[in-house]
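Visitor: Sending over a structure as structure tokens; questions will come in a sec.
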Amino acid sequence: MAVTPRGTTPEPPDARPRLTVLSGPSGVGKSTVVAHMRKEHPEVWLSVSATTRKPRPGEQHGVHYFFVTDDEMDKLIANGELLEWAEFAGNRYGTPRAAVQERLENGEPVLLEIDLQGARQVRDSMSDAQLVFLAPPSWEELVRRLTGRGTEPPEVIERRLEAARTELAAEPEFDETLVNTSVEDVARELLALMDVV
Ligand code: ADP
Ligand code: 5GP
């Protein structure tokens with residue numbers, strides 16, 4: 001008799017890995033959670049976005065982002081090379097389409113870490129995408145994390161916090177919400193949602 005381990009469901013033969021979108025306000029801990037998760041599960045492929053933002057210290061071209069000029073971003077958009085794109089707090093960000101399609105066709109789990117506007121575009125263009133919202137334990141803790149990261153000047157922090165109010169209000173639009181109290185717990189929960197463990 002075939003036995004299904006408790007807590008797992010057998011996959012239908014045509015099950016395709018889903019694309020998972022992780023969104024949440026700037027400073028909530030998206031990059032920290034994803035980095036923790038990928039340390040133990042490097043097979044989870046994270047899309048590398050293009051951005052017009054300048055690199056932070058330690059950020060590498062092609063690893064954290066493809067850092068592009070405004071002209072280059074214009075061309076990516078005009079040529080339809082982005083699955084989605086958005087302007088966020090004064091910079092543009094977009095997901096290169098071809099790499100995502102290739103991974104999904106190869107049956108690999110795909111993760112996008114993008115803002116609310118991008119998440120909405122993916123929801124509208126890929127009906128089977130899974131949208132996950134990462135929420136802070138409180139507003140005060142979000143401000144503490146964003147300020148404590150020390151990567152943005154005060155006026156940029158203000159812009160990002162303004163965007164955060166809109167993003168937090170949109171939480172009900174997402175399929176799942178994870179509260180980032182513990183990086184380890186959230187990374188585990190995200191892996192489970194992606195069916196990686
Ligand atoms: P995002 O990618 O969402 O903008 P980061 O991953 O850069 O956010 O995290 C912002 C700051 O919060 C970083 O300094 C990070 O170390 C810290 N941080 C992330 N998750 C937690 C957590 N669960 N508890 C405390 N600090 C955290
Ligand atoms: P940061 O400048 O802090 O790296 O990113 C700012 C915001 O842009 C974050 O909410 C991040 O998730 C989002 N972002 C990063 N890449 C993309 C992308 O390709 N598309 C969209 N729409 N947002 C992105």
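The values are calculated or read from the model by the stated rules, or taken from the named source; none is laboratory data. Computed from a predicted structure; not experimentally measured. In this analysis, Cβ positions are derived from the backbone assuming ideal geometry, glycine residues included, and neighbour counts consider all displayed protein chains.
Visitor: Within the range 87-103, can you find the residues that are surrounded by fewer than 17 Cβ atoms within 10 Å (Cβ to Cβ) and away from ligand 2 (no atom under 13 Å from the Cβ)?
Guide: Ala98, Gln101, Glu102
Visitor: Go through the range 114-131 and count every residue that is farther than 16 Å from Ser26 by Cβ and either within 13 Å of ligand 2 (Cβ to nearest atom) or free of Cβ contacts under 8 Å to residues at least 24 places away in the same chain (or both).
Guide: Number satisfying all stated conditions: 8.
Visitor: Something else now. Checking the condition touching a residue at least 24 places away in the same chain (Cβ under 8 Å), part of a helix (DSSP H, G or I) and not polar (S, T, N, Q), which residue from Leu76, Leu111, Leu83, Leu134 passes? Can you show your working first?
Guide: On the way: Leu111 fails: part of a helix (DSSP H, G or I); Leu83 fails: part of a helix (DSSP H, G or I); Leu134 fails: part of a helix (DSSP H, G or I).
Unique residue meeting the criteria: Leu76.
Visitor: Output the number of the condition that Ala119 fails; it satisfies all remaining conditions of (1) more than 16 Å from ligand 1 (Cβ to nearest atom); (2) surrounded by 13 or more Cβ atoms within 10 Å (Cβ to Cβ).
Guide: (1)
Visitor: Kindly indicate whether any position in the range 65-86 is more than 8 Å from ligand 2 (Cβ to nearest atom), at pLDDT below 95 and on the phi > 0 side of the Ramachandran plot.
Guide: Here is the first cut: in the range 65-86, the residues more than 8 Å from ligand 2 (Cβ to nearest atom) are 66-81, 83.
Remaining after also requiring at pLDDT below 95: none.
Checking the range 65-86: not a single residue is more than 8 Å from ligand 2 (Cβ to nearest atom), at pLDDT below 95 and on the phi > 0 side of the Ramachandran plot.
Visitor: Continuing with this model, one more query. Listed residues Asn106, Asn91; which is over 17 Å from the mean Cα position of the chain (by Cα) and either under 27 Å from Gly29 (Cβ atoms) or more than 16 Å from ligand 1 (Cβ to nearest atom) (or both)?
Guide: Answer to the check: Asn106.
Visitor: Further, regarding this structure: Being free of Cβ contacts under 8 Å to residues at least 24 places away in the same chain and in contact with a strand residue (DSSP E or B) (Cβ under 8 Å, 6 or more places away or on another chain) is the filter here, so list the residues in the range 48-64 that pass it.
Guide: Correct list: Lys54, Pro55, Glu59, His61.
Visitor: Of all residues being within 15 Å of Glu40 (Cα to Cα) and of a type outside the set (A, V, I, L, M, F, W, C) in the range 143-197, which is modelled with the lowest pLDDT? Just the residue, please.
Guide: Asp195
Visitor: Here's a check for you: in the range 139-195, which residue that is surrounded by fewer than 17 Cβ atoms within 10 Å (Cβ to Cβ) and assigned to a loop (DSSP other than H, G, I, E, B) is nearest to ligand 2 (Cβ to nearest atom)?
Guide: Result: Thr151.
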